[in-house]
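Undergrad: Let me begin by handing over the structure; questions about it come next.
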Amino acid sequence: MSESQDHEPVTAPPARSEHAVTVLLVDDQQIIGEAIRRALVGESDMHFHFCSKSAEAIGVAEEIKPTVILQDLVMPGVDGLTLVRQYRASPITKDIPILVLSTKEEPAIKSEAFTAGANDYLVKLPDKIELIARIRYHSKAYLNQLRRENPLAVYNPGWDAKRLWLLKYIEIARGVRLEGLARDGEDVSELARRMALSSYFADVKLMPAKKTRSAEAGMDLVQFQLEAKARY
């Protein structure tokens, strides 16, 4: 797991694309934050964020765009159920899975949490194996949803960039055109995803591609062209 971060004050987070799973814990107890951090420390693909102030929770969630939110129910100031409703009201966090953490195993409280918009309910502190399994389950479902809605929204962390060759990079008045060859169409889409998610390009467009036979490589390749606007 990547190094834990406490958002007091809020600091610039990594983009969602940098980690397959990004966890935001909102809990006023530092001891709970440390316990959850320790539970996830062995998960190399998880990035953990901790927010102990309910008044900052929405802003932090909108900034880091986690793949799952662990939300304590009982907090000073704004309570957990109100925060769940606020997450659902925000266009940025409305679909992010929310796992409510509570000290009580009561049907009435569970009903309130699910009615407010929670996806899951855990009595704290949950078992490490169960916690990790639930985080992965909800994060995977959320990332798959993002990919269905927008193929450029999330990149594949296991992609091998050596499957693609850039032949031309042309930039005129911030207009960028890339031309190259790739093993297949998914490799081209992956490059487009990464460009769209980066801070260096905007308005990334994948132009019609075509297959070509490479005598040198002895295989069929995809000849592609991407257009974008450079950000600087």
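Undergrad: Count, please, the residues in the stretch 213-232 that happen to be at pLDDT below 90 and out of contact with any Leu (no Cβ under 6 Å at 6 or more places or on another chain). First the steps, then the outcome.
TA: Here is the first cut: in the stretch 213-232, the residues at pLDDT below 90 are 213-219, 231-232.
Keeping just the survivors that are out of contact with any Leu (no Cβ under 6 Å at 6 or more places or on another chain) gives 213, 215-219, 231-232.
Selection size over the stretch 213-232: 8.
Undergrad: So, restricting to strands (runs of 3 or more DSSP E) that lie completely within the stretch 156-231, which ones have at least 2 residues that are surrounded by fewer than 16 Cβ atoms within 10 Å (Cβ to Cβ) and either of a type in the set (Gly, Ala, Ser) or in contact with a Lys or Arg (Cβ under 9 Å, 6 or more places away or on another chain) (or both)? Can you show your working first?
TA: Working: elements: 164-172, 175-182, 201-206, 210-214, 219-230.
By residue number, 164-172, 175-182, 201-206, 219-230.
Yes/no matrix, rows are residues, columns are (1) hydroxyl-bearing (Ser, Thr, Tyr); (2) at pLDDT below 95; (3) in the same structural domain as Ile36 (by TED's automatic domain parsing):
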position: Ala118; (1), (2), (3): no, no, yes
position: Lys124; (1), (2), (3): no, yes, yes
position: Asp127; (1), (2), (3): no, yes, yes
position: Ile135; (1), (2), (3): no, no, yes
position: Tyr142; (1), (2), (3): yes, yes, yes
position: Gln145; (1), (2), (3): no, yes, yes
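Undergrad: Can you name every residue in the stretch 175-232 that is among the aromatic types (Phe, Trp, Tyr) and more than 15 Å from Trp165 (Cα to Cα)?
TA: Of the stretch 175-232, the ones among the aromatic types (Phe, Trp, Tyr) are 200-201, 224, 232.
Tyr200, Phe201, Tyr232 - these are the residues of the stretch 175-232 that are among the aromatic types (Phe, Trp, Tyr) and more than 15 Å from Trp165 (Cα to Cα).
Undergrad: Does Pro107 qualify as being surrounded by fewer than 20 Cβ atoms within 10 Å (Cβ to Cβ) and over 21 Å from the mean Cα position of the chain (by Cα)? Give the derivation first.
TA: Working: surrounded by fewer than 20 Cβ atoms within 10 Å (Cβ to Cβ): yes; over 21 Å from the mean Cα position of the chain (by Cα): yes.
Yes.
Undergrad: Additional query: When residues of the stretch 94-116 are filtered for being more than 23 Å from Gln30 (Cβ to Cβ) and either in contact with an Asp or Glu (Cβ under 8 Å, 6 or more places away or on another chain) or not assigned by TED's automatic domain parsing to the domain that holds Ile32 (or both), how many remain?
TA: Selection size over the stretch 94-116: 1.
Undergrad: Does Val23 satisfy the criteria of being in the same structural domain as Leu81 (by TED's automatic domain parsing), out of contact with any Ser or Thr (no Cβ under 9 Å at 6 or more places or on another chain), modelled with pLDDT of 90 or more and of a type in the set (Val, Ile, Thr)? Show your work before the answer.
TA: On the way: in the same structural domain as Leu81 (by TED's automatic domain parsing): yes; out of contact with any Ser or Thr (no Cβ under 9 Å at 6 or more places or on another chain): no; modelled with pLDDT of 90 or more: yes; of a type in the set (Val, Ile, Thr): yes.
No; evaluated as a whole, the condition is false for this residue.
Undergrad: Which residues, counting only those in the stretch 192-205, are closer than 21 Å to Gly158 by Cα and at pLDDT 90 or above?
TA: Keep residues of the stretch 192-205 that are closer than 21 Å to Gly158 by Cα, which gives 192-199.
The answer is none; no residue qualifies.
Undergrad: Which one of the conditions (1) over 29 Å from Thr67 (Cα atoms); (2) within 23 Å of the chain's Cα centre (by Cα) does Trp165 fail to meet, given that it meets all the rest?
TA: Of the numbered conditions (1) over 29 Å from Thr67 (Cα atoms); (2) within 23 Å of the chain's Cα centre (by Cα), the odd one out for Trp165 is (2).
Undergrad: How many residues, within the stretch 113-147, are surrounded by fewer than 16 Cβ atoms within 10 Å (Cβ to Cβ) and in contact with a helix residue (DSSP H, G or I) (Cβ under 6 Å, 6 or more places away or on another chain)?
TA: Looking only at that region, the number is 2.
The values are calculated or read from the model by the stated rules, or taken from the named source; none is laboratory data. Note that the structure is a prediction, hence the values are computed from the model and not measured. All Cβ positions, even for glycine, are placed from backbone atoms using ideal geometry, and neighbour counts span all protein chains on display.
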